[in-house]
Amino acid sequence: MGARGKLAQMSIRNVHKTYSIQGEKIHALKGVDMDIEDGSLVCIVGKSGCGKSTLLKLMCSLESKDEGDIAFGNGIKDLPKVSIVFQEPRLMPWLTVRKNIEFPIKGKLGKKELEKRVTGQLEMLGIREFENAYPSQVSGGMAQRVSLGRTLCYEPDIILMDEPLGALDAFNRKKLQDEIVSIFKNEKKTILFVTHDVEEALILGQKIIVMEEGKVKDSLDVEMEYPRNPSSVEFINLKKRILSLIFG
Ligand SMILES: Nc1ncnc2c1ncn2[C@@H]1O[C@H](COP(=O)(O)OP(=O)(O)OP(=O)(O)O)[C@@H](O)[C@H]1O
């Protein structure tokens with residue numbers, strides 16, 4: 001158990017969210033309840049439109065909820081730092097890779113400390129040799145690494161990831177999945193990862209939450225050791241179980 005203890009880092013109770021399009025109400029979240037443990041990697045899966053992205057947006061205050069509670073019970077006084085990574089890297093095209101990564105902490109650290117932190121991220125993500133390139137000069141996989149580096153540089157307590165690997169080819173996707181597992185293991189972050197891909201959820205998650213029509217349908221603990229083997233019987237059986245929860 002870490003210094004902060006094994007408290008529920010995030011506790012979500014009866015959260016509702018309704019959007020309105022030309023007078024028509026869309027009930028995106030219909031009473032979501034979930035607990036996210038401190039230092040856990042949790043994946044959220046479910047059919048398109050079930051409310052996964054909406055939930056992440058509420059967690060980092062990009063949207064406001066209509067009803068319910070989102071509480072952080074991490075044993076530290078201040079609110080935790082929450083950061084989100086989207087499917088598209090959302091980099092600033094006029095800044096180099098290094099400048100994009102340092103952007104959220106620029107002015108908050110001394111020059112040397114800033115340089116050290118950014119260099120550490122560039123090295124960890126294998127993009128040091130591209131530090132002076134602009135976003136238009138790097139591949140999609142590298143751009144997503146830059147986006148991840150920018151998030152990690154900010155040293156958030158909680159990282160929300162909304163389909164961050166969804167636009168990548170199979171090779172880069174696999175590589176970044178491995179990197180996310182090692183970031184999780186080495187940096188002991190709390191990560192909430194939304195994906196359409198059940199196999200990806202099983203490669204990454206310690207817990208998989210299945211959502212359906214704006215609610216949590218089920219939640220499964222995944223006990224398999226990392227790195228996970230998609231050909232193992234346990235993996236295949238869990239995959240079948242989750243697919244049948246999603247598609248019936
Ligand atoms: N800004 C918005 N305005 C109106 N309706 C919205 C808005 N954002 C989401 N919705 C609606 O809310 C519902 C939930 O959307 P959300 O994006 O959270 O689902 P999702 O599970 O993340 O879907 P996907 O897997 O396709 O990304 C959908 O019916 C969607 O059309």
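The values are calculated or read from the model by the stated rules, or taken from the named source; none is laboratory data. These figures come from a predicted structure and were not determined experimentally. Quick reminder, even Gly has a Cβ in these numbers, built from the backbone with ideal geometry, and neighbours come from all protein chains shown. Side chains are part of the model used for accessible areas, which takes the heavy atoms of the whole protein and leaves out ligands, DNA and RNA. Shrake-Rupley method; radii C 1.70, N 1.55, O 1.52, S 1.80 Å.
The table that follows gives values for the structure above.
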quantity	calculated
Failed item in (1) assigned to a loop (DSSP other than H, G, I, E, B); (2) away from the ligand (no atom under 13 Å from the Cβ); (3) within 12 Å of the chain's Cα centre (by Cα), with I191 passing the rest	(1)
Qualifying helices (runs of 4 or more DSSP H) (wholly inside region 26-126; at least 2 residues being within 16 Å of the ligand (Cβ to nearest atom))	52-59
Conditions (1) in contact (Cβ under 8 Å) with a residue 40 or more places away in the chain; (2) farther than 27 Å from A28 by Cα; number of the one not met by F193	(2)
Breaking point among (1) in contact with a Ser or Thr (Cβ under 6 Å, 6 or more places away or on another chain); (2) open to solvent by less than 70 Å² (accessible area, probe 1.4 Å); (3) at pLDDT 95 or above, for L41	(1)
From the options K188, K207, residue that is in contact with an Asp or Glu (Cβ under 6 Å, 6 or more places away or on another chain) and open to solvent by 20 Å² or more (accessible area, probe 1.4 Å)	K207
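Residue-wise test of (1) open to solvent by less than 30 Å² (accessible area, probe 1.4 Å); (2) on the phi > 0 side of the Ramachandran plot; (3) touching a strand residue (DSSP E or B) at 6+ places or on another chain (Cβ under 8 Å).
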position: K116; (1), (2), (3): no, no, no
position: E131; (1), (2), (3): no, no, no
position: P135; (1), (2), (3): yes, no, no
position: G149; (1), (2), (3): yes, no, no
position: E163; (1), (2), (3): yes, yes, yes
position: K174; (1), (2), (3): no, no, no
position: L192; (1), (2), (3): yes, no, yes
